[in-house]
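Report on one structure; see the data block that follows.
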Amino acid sequence: MPEQFVVPQFIDSEDKIFGPITGRQFIILMIVGLMEFVLFKLLTFVWFLVVGIPLIAVGGILAFAKINGQPFHYFILNGIQTFKKPRLRVWDKRHTDSELREYMFAKPEVHSAAFKRKIFANTSHLQEISLVVNTGGVYQPEE
């Protein structure tokens, strides 16, 4: 009998830490709450309402809204990446069709590699090379 394995289910759902709230949502709500507290201490009550209510709305949207099953911040990042890409793509056509056909059907040149015998470096040549390397190329040996 073949072995049976447990296949994980719901791998696309985030782990819940406080009831229905995930870790990502909790962190977003904590940051928005901290910002609201700082605004409450720094601004008058009217300005706090003017700035604080939209901030709570943006935080709630970032924490809880999903578009196409993905969190809202992924939607924002995808939108930014889309707008950064160029909208117009131009083909830089430098070769004519006939030149491209000639290139496609041209037979590649075969280069016959001449056998070169490796010249082994003698001790004095190795000393010159090490001196060039140690001086960073300042020293130039005489040839």
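Overview of results
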{"read-out": "Candidates 128, 36, 109, ranked by Gaussian network fluctuation over the chain, Cα under 10 Å, top entry", "value": "128"}
{"read-out": "Exposure proxy ranking, count of Cβ atoms within 10 Å, fewest first, for 76, 28", "value": "76, 28"}
{"read-out": "Helix 23-42 axis, angle to the chain major axis (alpha carbon atoms, nearest 10°)", "value": "70 degrees"}
{"read-out": "Residues whose placed amide H lies under 5 Å from that of residue 22, excluding near-sequence neighbours", "value": "17"}
{"read-out": "Calculated SAXS-style log₁₀ I(q)/I(0) at q = 0.24 Å⁻¹ - region 1-46, Debye, Cα scatterers", "value": "-0.88"}
{"read-out": "Label-to-label distance, nm, for residues given as residue 65 and residue 14 (7 Å Cα→Cβ offset)", "value": "1.5 nm"}
{"read-out": "For the chain, built as a Gaussian network whose Cα springs stay under 10 Å, the top-fluctuating residue of 34, 62, 126", "value": "126"}
{"read-out": "Helix-only mean residue ellipticity at 222 nm for the chain, each DSSP H run of n ≥ 4 adding -39500 (n - 2.57), per residue, nearest 500", "value": "-17000 deg cm²/dmol"}
{"read-out": "In order through region 104-110: 3J(HN,Hα) via Karplus (6.51 cos²θ - 1.76 cosθ + 1.60), integer Hz, x for Gly, Pro", "value": "5, 9, 6, 7, x, 6, 9"}
{"read-out": "Spacing of the two label points (7 Å from each Cα toward its C-beta) at residue 43 and residue 111, in nm", "value": "7.0 nm"}
{"read-out": "Potential lengthening between residue 99 and residue 134 on full extension [0.36 nm per residue; Cα-Cα distance subtracted]", "value": "7.6 nm"}
{"read-out": "Dipole-positive endmost among 40, 25, 136 within the chain (Cβ charges, Cα centre)", "value": "40"}
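Here, each number is a calculation from the coordinates, and none is a lab measurement. The shown structure was predicted, so the numbers you read here are calculated from the model rather than taken from an experiment. Here Cβ is always computed from backbone atoms with ideal geometry, including for glycine, and neighbour counts include all displayed protein chains.
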